[in-house]
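Inspection log for the structure reproduced underneath, given as structure tokens.
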Amino acid sequence: MAKKDFKCCISSIDEQQQVKVKSTAHFLNSIEGYKALVLWVAKHCQTGTAVVYCMEATGIYHESLALFLYRQNMHVSVVLPTLSKNYLKSLGHKTKNDKIDAKGLSTMAAEKSLSAWQPFSESIYELRQMTRYIEDLNQQRTATGNQLHALQHSMYAMEELQNILKEHLAFIEKQIKELKVHVEQMVKQDEKLWPKIEHMMTIRGVGLYTIVVIVAETNGFALFENIGQLCSYAGYDVIEEQSGTYQGKGRISKKGNSHIRRALHMPSLSLLRYQVPLFYALYQRVLDRTHIKMKAIVAIQRKLLTILYTLWNKEEDFNPSMHVTKKEVATTEVATQDELSAETRSPLLVYQS
């Protein structure tokens, strides 16, 4: 998928599991190109043949085509670039170009049972775009503040440049404030969304904006069948390094939605400051076992994500005196995607980092 066009390949698989390339083509990344694609596929596929459209997530350039095919009741699968890249390597490809990528995706769709893609609802998609823009503004505010601080302590004052940076900083802060007010108004006006978020806000130290980010990035927790899938999508699944007698240190994969992990960092510290029993007990247990504070904080972040998921599904308030068992602490290190069974493996949800 590219900004102006996209390259396609049709592959079929026979009873002996042999994949054969039938045709290749390229189309414009526009409505006209999408219609031409459907006609081209119908020309090369017999009536009644099961057809799976598989594409790679490339920023936002794949979204319009995926939505078009979804509205045509087609089976669409959107895979992450790392997944398609590793698949091509497993086939022995050393060269990378659009034609090879198209053939690789087509072969993947023929060989594997890929989960169907579902679009974000329009309201949640808008929330996601706005919260991501706020995140960008926060980064700009930090960078501008650092520049101003450095200038104020430089050898020469340069007051004119300082005034420009101060005005720019004030403008960024004004935008952030206005956008957060707009996000809050949007959420409170949504009759389906707001009651669920109210339940999630009963956790002390977790604010509205954090919850909105989580809901927006997970599409309202759609397609997640269990906690393992959710944690893997957020990058909280653990990678182990073990071979024979060697036992390496486990770490989270971070191969997931970084916006979720970033949003959960400050609330996890607030939970520690308020010593909320469920999370504080978990922190102490992990810290006693590992002697690494950051691992204990990450365990809180994962636990908070699972609690938010539970409150969303059950539509109930948080119980701060909930008992923490050793079993719950042990599950802070969940299996990686490769270790999960087909029933519990995360669906092919796509995020934009």
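The values are calculated or read from the model by the stated rules, or taken from the named source; none is laboratory data. Predicted model only: the values in this text are computed from it and were never measured. Neighbour counts are summed over all protein chains in view; Cβ atoms, including those assigned to glycine, are modelled from backbone coordinates with ideal geometry.
Tabulated values for the structure
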read-out: Residue check for Thr24: part of a strand (DSSP E or B) and either exposed (fewer than 13 other Cβ atoms within 10 Å of the Cβ) or of a type in the set (S, T, N, Q) (or both); value: yes
read-out: Looking only at the range 4-21, and only at residues there that are at pLDDT 90 or above and among the basic types (Lys, Arg), the one that is surrounded by the fewest Cβ atoms within 10 Å (Cβ to Cβ); value: Lys4
read-out: Hits in the range 197-220 - residues which are buried (at least 20 other Cβ atoms within 10 Å of the Cβ) and charged (D, E, K, R); value: Glu217
